[in-house]
Amino acid sequence: MLPTLFCFLVLSLLTSSCYALSDYSEQLVLQPLVPASVLASFNFRSNASQSSYNQQHFQYFPRSLGQILQHAHAKELHLRFSSGRWDAESWGNRPWNGTKEGGTGVEIWTWIDASSEEEALMQWNTLNNALAGLFCASMNFIDSTRTSRPLSTFEPLGNHNSGSNLHLFHGALTREVVCTENLTPFLKLLPCKGKVGIASLLDGHKLFDATWQTMSIDVQPVCPADQSGCVMEIEQTIDMVLDIDRSKRPRGDPIPRPLPDDRLICDQNRQYPDENSCYPLDLSAAQDLTLKDLFGRSIQGSCLSPADSTYPVCVAASNSLEVYTTNALAEYKATSGYLRCLALPEKDEFELLIPKQDHARFLPVSTPPIYVERSITGRGQERGGIRVLLRNPSPTHNVSFVYFEALPWFMKPYMHTLKTSIPNTIDEMYYRPGLDRKRGSQLELAITVPANQILELSYDFEKAILRYTEYPPDANRGRDVAPAVIRIVNATTNTSEHVGVAAYLRTTPLMLPLPTPDFSMPYNVIILTSTVIALAFGTIYNMLIRQFVGADEATSEGLKGKIIVALVSVRNKIRDSLSPVATTGPEREKKNI
Amino acid sequence: MGRLLQQVLLFAAAALLRLILFLVFPSLPDFFTGRVEVSTPVTSFKRLQEGLFLYTRNVSPYDGGVFYQPPLLLTLFSFIPDSIFTTVTALLYIGLDLASAQALIEIADSKLSGHELFYKSPRRHSRWGSLAVAAAFLFNPLTVISCLGRPTSIFSNYAILLAISKAIQGKTGNAIIALSMAAYQSMYPAILLLPLLLLAHDVSTQGIIGTDTGFLVRHAALFFGAISALFGLSYLVTGSWEFFASTYGNQLLLVDLTPNIGLWWYFFIEMFDSFREFFLGVFWLHLLSYVGGLSVRLRTQPLFVTITMVGLIAVFIPYPSISNASIYLGLFPLYKHIFPLMRTTFIYTTALLYSIVLGPAFYYLWIYAGSGNANFFYAITLVWGLGFSLLIGDSIWATLRDEWEVTRPEMKDKPIRQI
């Protein structure tokens, strides 16, 4: 319920200020979560009319990104930088229905306009390399081994003209650690460059300390229904779940410490053997928060011109929740009773206080359409299995979705071992096997899970051993497997205005330990194997080209031969004189070699 | 008892042993299929099942990195319905083992091993009976384990034995076609073409000295024609030539580096990329270099040359397994008459036993326990390779000495040297 609330309310707020033509808008939604977290959702939207975009007149739309997209002929781009894990059990449905979420690391999917496959691939490479430079992320490593072409998982969200020949590419770089060097270019794309407005709250120390965070960039052409001309829209979103306790730790002393004894409140329902034991109650359940606690700073001024009557800062909780602000500002309360939005002062500092209150005043936790968990089974570094648990919590509705997985090439799945715990749940299957060192395997399944059931999907795979130079510097850490993407095809929510909006979920990534050779041994291996081969070849070659003679018929050659002859004759003489029976026979036999 | 009755009893006992193992221990076949000593990427039964799965669903199995086996195997196995797949394949592999043993009996019955057309060994009367040779093959633990693990190299093993027995019986055309099928399944039996042609030539010219080059050329052409026909059939079955790069290309260029009992995998893992092509060329050249020398030097004993080449294949191919070793160990008892002449029996026997015992243990330590590293298993592959090649080398020495003693009969049992 909440995410649809998000979309609906943001749209409605923006329509209040001529959505189709407003060049820039921003919004921050703070939603307290149970027990003591806050979901902070920053949304920045800029437009440029299609004609000014094509002529490279950039005002609010960032020039750096626009020129890259034009150079690579990318008509629609979705870029995600994520870290952490969304706890669906505690927090419910993902924000924006998961449409602005990405897998851990960097995830990018784009539609490129090209006349042929090869040209599209080249443009995709160009795009990745340029974006790697712009965002200081190693996206140049998204080569053919990390690229896939999903069939039904992603649909273009923008309005493209029917004549264009669009190719979808999806790339994931799970190993990338997202940090401040990715945040800074992200903020530089904004018109106010993160200096004023809600973007002034964003700080790398707090953002990347969050339990879960996603930075997303969506660029697409939009043609509004009122025929006012197509625009190129860029939407930048940062979602983060901040733990209030953790945010309150001072930066100079971030070590968590236990409460002093006098502030410790013990659970009275338990038996204690003596006075020195205590089961502390989870008092972090209720915390008050200010923007300075959460973000380390307060909002400096406003990035919007005062003529726009917008309310950028919203709190998504029941209207009965008490919220205090530094200035008396215009407020807008939504009719649903679960959202209120505040205007920002143009130049002053803005601070917000939400004192500790009952959880009942928070937004009710929504049930996601499906819970998914994926893990690797098996032991050893030769083979393993993947097991995915898909749980449908709804008691009445089946849930249909597309499960998309892109596996690296060194993980070789055996699709003939694919098993489901409930029969007849896989409606369709698309599988493209991977080629060694060229591309990974791609699996897309259309699955329907019946109401209230848990579906277990499992299959075996085999691990490949890599060449010496293909291992990363820390070879025993293992390699990363990109998260699986689930696209819900029919949402179980009963809000009718979002039937067309797909919901997305992503699983966590996997760590795949691979068998490693001994890295200190390249020279030793070469010489040892060559020795064995030389022994075999040499022995056989010698045998084939030499002739046989009797041991004594061979003439001993050289100094060594003479010495041996002398020594053997001395030995024979000694033996003759010592042995009791004189042996007869004209020839003495030498030891054969 | 009649000879036929003895043979039937032997075959029944061997079949019964395998059937019991298949039925009483149902997880044993999959256990052996999963072991690297039995299955290699180009012969693995599990990969065959995966290829079959993709093939029956109209996805090209050659467009992936899992399946490296030739297409006609897919057509053969696709005739078996899914419900009885495991039973029928078990019976198929047991049947192949028995057919291989039958071919071995025919080879032993011909008594050609000491008594070839141009060469009569002075010791040729010291030999084991054909049924003893077949029993040694059928009850060899390596053979039984290969049968349970069901690698597709059993097909080429049978084809090689069939080719040798048909060549001995004078049916050269059949022999060449059998060899072409073996070479189609895995590339290496093509190396046996020259010795096998010489063997067939000797048999068909009945001991008349002189090389009929027309015979050789005709049958070599037949070989290439048969292989081309098989390639053409594969093209029809799969609809494209991409199986070429996937099956033979993979073996030539060693794309898949899965550990096995051979010498290639670790060498090419640890190698830097700029030297790959050079060493691939060197290793292939090394394997090919034995045929010419052996065929020329031992021209009068082409059967021995064929058997020796089978043994050298077992050590020096990119993806060897114990099924290659088991076919050599099955053919080796035919040469009992040279056993007394072999010099260092103790060394290589113990080396082979040592590696058979420690190989699986060290592999487990590396892959599962994590307390050993790859060098342990690599060392075992070195010992195995060395032991096997010493065995082959010793047998060559013994044969050469036996040959020499025909010209110098007074040197029997006397020590000799080579210069």
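The values are calculated or read from the model by the stated rules, or taken from the named source; none is laboratory data. The structure displayed is predicted, hence computed values, not measured ones. Reconstructed Cβ throughout: ideal geometry from the backbone, glycine too, with neighbour counts over all protein chains shown. These area figures cover heavy atoms from the full protein model, side chains too; ligands, DNA and RNA do not enter into them. Shrake-Rupley method; radii C 1.70, N 1.55, O 1.52, S 1.80 Å.
Before moving on, here are some points about what is shown:
- A/B buried area, accessible surface, summed, 1.4 Å probe, Å²: 6000
- 222 nm mean residue ellipticity, helices alone, for chain B (DSSP H n ≥ 4; -39,500 (n - 2.57); rounded to 500): -21000 deg cm²/dmol
- Approximating the spin labels as points 7 Å out from Cα along Cα→Cβ, the B:Asn174-to-B:Leu252 distance works out to 3.4 nm.
- Distance histogram for segment B:1-152 (every C-alpha pair counted, 5 angstrom bins, percent rounded to whole numbers): 2, 8, 15, 16, 15, 13, 10, 8, 6, 4, 1, 0, 0
- Chain A - Rg (one decimal) and Dmax (whole number), Cα, Å: 34.8, 130
- Dividing the helix sum by the residues of chain A, where each DSSP H run of 4 or more adds -39500 (n - 2.57), gives a mean residue ellipticity at 222 nm of -6000 deg cm²/dmol.
- Segment B:336-419: trypsin sites (Lys or Arg not before Pro) in DSSP loop, at most 16 other beta carbons within 10 Å: B:Arg343, B:Lys412
- Extension gain, A:Asn140-A:Glu119: 0.36 nm per intervening residue step, less the Cα-Cα distance, totals 5.8 nm.
- Surface accessible to a 1.4 Å probe, per residue, for the residues of segment A:371-512, Å²: 41
- Shown is the FRET efficiency for A:Tyr272 and A:Ile422, computed with R0 = 30 Å from the Cβ-Cβ distance and rounded to the nearest 0.05: 0.05.
- Accessible area ranking (1.4 Å probe, heavy atoms, ligands and nucleic acids excluded), largest first, for A:Arg437, B:Arg47: A:Arg437, B:Arg47.
- The protein assembly as shown, accessible surface, carbon-and-sulfur percent (1.4 angstrom probe): 59
- Counting all C-alpha pairs of the protein assembly as shown, share separated by more than 60 Å (%): 30
- Cross-link partners for A:Lys562 among the lysines, with Cα-Cα distance under 29 Å and sequence neighbours closer than 8 places in the same chain left out: A:Lys573, A:Lys590, A:Lys591, B:Lys412, B:Lys414.
- Above-threshold pairs, the threshold being 28 Å between Cα atoms, out of A:Lys206/A:Lys347; A:Lys195/A:Lys292; A:Lys419/A:Lys463; A:Lys75/A:Lys463: A:Lys75/A:Lys463
- Chain B: angle of helix B:172-185 to the longest principal axis, Cα-based, in degrees nearest 10: 40
- Chain-alone versus full-assembly comparison, segment B:386-400, residues with accessible loss of at least 40 Å² (1.4 Å probe): B:Leu386
- Quotient of C-alpha Rg and 2.2 N^0.38 Å, computed over segment A:330-406: 1.96
- These residues, B:Ser389, B:Ser204, go from largest to smallest accessible area, 1.4 Å probe, as B:Ser204, B:Ser389.
- Rounded, prolate or oblate (a/c below 1.5 giving rounded, otherwise prolate when a/b exceeds b/c) for segment A:288-360 by Cα gyration tensor: oblate
- Across peptide B:60-67, the average count of Cβ atoms from other chains found within 10 Å of a residue's Cβ is 6.
- Gyration tensor (alpha-carbon) shape descriptor, segment B:162-310, a/c threshold 1.5: oblate
- Accessible surface of A:Tyr541 - all protein chains present, 1.4 Å probe, nearest 10 Å²: 120
- Aspartates and glutamates whose Cα lies under 15 Å from that of B:Lys111, excluding same-chain neighbours fewer than 8 positions away: B:Asp202
- Packing-based order for A:366-375, A:239-248, B:263-272, using average beta carbon neighbours within 10 Å, highest first: B:263-272, A:239-248, A:366-375
- The candidates B:Arg123, A:Arg571, arranged from most to least accessible area with a 1.4 Å probe in the full protein assembly, appear as A:Arg571, B:Arg123.
- In plain terms, the chain from B:Phe31 to B:Asp109 could stretch by 24.4 nm, reckoned as 0.36 nm per residue minus the Cα-Cα distance.
- The calculated P(r) of segment A:371-512, using every Cα pair and 10 Å bins from 0, goes 11, 40, 30, 14, 5, 0 in percent.
- Averaged over A:538-546, number of beta-carbon atoms from partner chains that fall within 10 Å: 6
- Site pair B:Leu365 and B:Leu5 shows an inter-label distance of 5.3 nm when each label is modelled 7 Å from Cα along Cα→Cβ.
- Label-point gap, in nm, between B:Trp241 and A:Glu155 - each point 7 angstrom along Cα→Cβ: 4.3
- At an R0 of 30 angstrom, the distance between the Cβ atoms of A:Asp576 and A:Ser530 translates into a FRET efficiency of 0.05.
- Per-residue shielding of A:54-65, expressed as the average number of other chain Cβ atoms within 10 Å of the residue Cβ, stands at 0.
- Those residues of segment A:406-426 whose amide nitrogen sits under 20 Å from the label point placed on A:Arg85, 7 Å along Cα→Cβ: A:406
- Averaged per residue, chain B has 37 square angstrom of accessible surface, using a 1.4 angstrom probe with ligands and nucleic acids left out.
- Euclidean distance between Cα centres, segment A:222-294 to segment B:273-317, Å: 71
- More than 15 angstrom apart: percent of Cα pairs within segment B:318-399: 62
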